[in-house]
Amino acid sequence: MPGQLLTVDAALRLIEQQAAPLAAIATPLEEALGLCLAADAVSNVDSPPHDKAMMDGYAVIGDEPLSELAVIEEVVAGAVPTLAVAAGQATRIMTGAPIPPGAEAVIPVEQTELRDADTVRLTSPAPPAGKHVMRRGEVFERGAVVLTSGTPIGPAQLALLAETGNATPAVIPTPTVGVLATGDELVGADQTPAAGQIRNSNGPMLHALVRQAGARLLPLGVARDNAESLAERITAGATADVLVLSGGVSAGKRDLAPGILAELGARQVFHKVSVKPGKPLWFGVWRHADGRQTLVFGLPGNPVSGFVCFHLFVRPALRRLAGGEFAGLPRVAVTLDQAVTVKGDRRTYLPAAVALDPAGSRRARPVAWRGSADLLGLAAAAALLDLPAERSPYAAGDRVEALLLTPAGVA
C-alpha cells in the first residue's frame, strides 16, 4: 500500500541483503582475539608431535614383571630420549616428554620408591601398554582442519592456532564505524547550555554502543544544520565501513541529511520503519570509486530512539560485517508483572526492569518512562520488551519476548 511503513522484519531483511563480511586480511595472532576466521585453519603438525608421557613418573615396558628397575636416563619436556628401554629398565620422565623407544607405559611417580640414583622400586603393579601415554597424532594429524571458517577467535582458539603453526591467520577485520551527531542546538557535556541548547548525549552514547558491539570507532564530532557542515563531516566518514548519523533524518526543514547523502552518492534503501521509538530511521548504501561500500544509518535524534535503532538495526549489521551471524541482542521470554497497552499500530520496544522470581524465571515491568527523550528511564532498564501492537493490550502474567541489555539480563 502506498505510504505504508516498512515492518521491522522487512527492514532487517533489506539491511541483511547489503551486509556482507568484510574482505579478509592476514593478521598476527596477538591481534586476532575477537575476530572471525576467514578460512579454515589447517595444522602443519601432528598433535601430539610424538608419543608423550601424560604423568610424571617412569617409562617402562607394558606389564613389566620386575618390581625393581634400573634407571637408565632422565627425559624432561623439551628433551629427546637417547636410550631404548628394555625389560628391567626404566626412564625417569616428565609430563609432556617424548616416550623413549621400547617403552609402552608410564607408571606415576607416586607409585614408586627411588632406592638410589640408579634404581627405582615399583610399589604397584606395572601398568599395561598404553597407560598414561598419548600417541602421536591422537588429537589430530598434520593436514587436519582444526578450526573452520567463520569461527570466532577466543583465547582457546588462539592457543590452537599457535600450536598448529597458524601464526598469521586469515580473519575478517573489525568494522570501522563513523559516528556523527547533528544539530545546531548541541553543546559538549562540559558546557552549560544556553537558551535553546542541549548537551550532546547522543554522541557519547553511540560511541559507547559502537565499542560495546566490538567495532572500531571513528568519531566525527558534530555537524551543524547546514548543507556545508553536513557534507564536510559526512565526507570525513567515507573511509568507515558503517556511518551512523544521529538526527537530521526526520521531516523537518532542517533535516537535511538524506538530501546531502544522496548528493554525495549514497543510495537510499528505505526511510521510516513501523517501530516505536525510531520511526524516522534512514538506511542506505554508499558505494565508493575504489569498490568499497559504506552502510549508512540515519538514526532519529531523540536519544532513546537512537539507542533502540542501534540495537535493532545497526548491531546485527556490524556482527555480519565482522564475519558473524546477522543477529542482534539476545532474546529471552519474560513474564509481565503488570498490564501494558501499546498505543498506535507500531511495534514497540519498551525499556523494562527485569528480576528473577524464586523459581529463577525472569519477570519484567516497564520502567517509569516518558518517551523517546527520557534517558533517566532508559538508564534503569535491563531489557527492551518487544511488543507487537496487534497483540495489545497485554495483561499481567503474559509471556513476551525481551531483548537483554545487560549480561545477566536483570536490573
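Numbers at a glance
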read-out	value
Farthest toward positive dipole pole in region 185-285 [+1 Lys/Arg, -1 Asp/Glu at C-beta], among A223, G203, L264	G203
Between region 62-106 and region 334-356, the alpha-carbon center distance in angstrom	69 Å
Size of charge dipole - region 52-134 - debye, nearest 20, with Cβ of Lys, Arg +1 and Asp, Glu -1, no other charges	200 debye
J(HN,Hα) series, region 24-37, from Karplus relation 6.51 cos²θ - 1.76 cosθ + 1.60, nearest Hz, glycine and proline x	5, 9, 8, 9, x, 4, 4, 10, 8, 4, x, 8, 10, 5
Crossing angle, helix 227-236 versus the chain [Cα axis fit, 0-90 degrees, rounded to tens]	10 degrees
Sum of side-chain charges, A396 neighbourhood, beta-carbon under 15 Å (Lys, Arg +1; Asp, Glu -1)	+2
Separation of alpha-carbon centers, region 176-219 and region 366-382, rounded to whole Å	19 Å
Cβ crowding within 10 Å averaged over residues, with 26-36, 207-217 ranked highest first	207-217, 26-36
Answer label for Cα extents along the principal axes in Å (calculated), chosen among [x] 95, 57, 47; [y] 85, 42, 38; [z] 64, 56, 33	[x]
Interchain or long-range residues, amide H under 5 Å from T7's placed H	S274
Ranked list, fewest to most other Cβ atoms within 10 Å of each Cβ, for I15, I198	I198, I15
Cα-centred dipole magnitude for region 177-279, charges only on beta-carbon of K, R (+1) and D, E (-1), debye, nearest 20	400 debye
Partners for K131 among lysines (Cα-Cα distance below 29 Å; same-chain residues under 8 apart left out)	K52
Sparse-neighbourhood loop sites, GluC sites (Glu not before Pro) in region 110-148 - DSSP loop, at most 12 other Cβ within 10 angstrom	E141
Region 223-309: relative contact order as a whole-number percent, Cα under 8 Å and 6+ apart	30 percent
Charge-dipole axis of the chain as Lys and Arg at +1 and Asp and Glu at -1 on Cβ define it, positive-most pick from F283, T406, A373	A373
Charge dipole magnitude, Cβ of K and R +1, D and E -1 - the chain, Cα centre, debye nearest 20	2320 debye
Degrees, to the nearest 10: 8-18 long Cα axis against longest axis of the chain	60 degrees
Leading residue at positive end of dipole, the chain (Cβ point charges), from A322, A53, G137	A322
Principal axis box of region 52-134, alpha-carbon based, largest edge first, Å	28, 25, 22
FRET E, pair T335, V109, Förster distance 56 Å, beta-carbon r, rounded to 0.05	0.45
GNM flexibility winner over the chain from L37, L245, L14 (Cα, springs under 10 Å)	L14
The chain, relative contact order in percent, only Cα pairs under 8 angstrom and at least six apart counted	15 percent
Estimated inter-spin distance, T192 and R136, nm [label 7 Å along Cα→Cβ]	7.9 nm
At most 16 other Cβ within 10 Å, DSSP loop - trypsin sites (Lys or Arg not before Pro), region 306-411	K343, R370
For the chain, calculated [θ]222 nm from helices alone, where every DSSP H run of n ≥ 4 adds -39500 (n - 2.57)	-4500 deg cm²/dmol
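Each value in this text was obtained by applying a stated rule to the coordinates, not by laboratory testing. If you're wondering where the values come from, they're calculated on a predicted model, not measured in any experiment. Backbone-built Cβ (ideal geometry, glycine too); neighbour counts: all protein chains shown.
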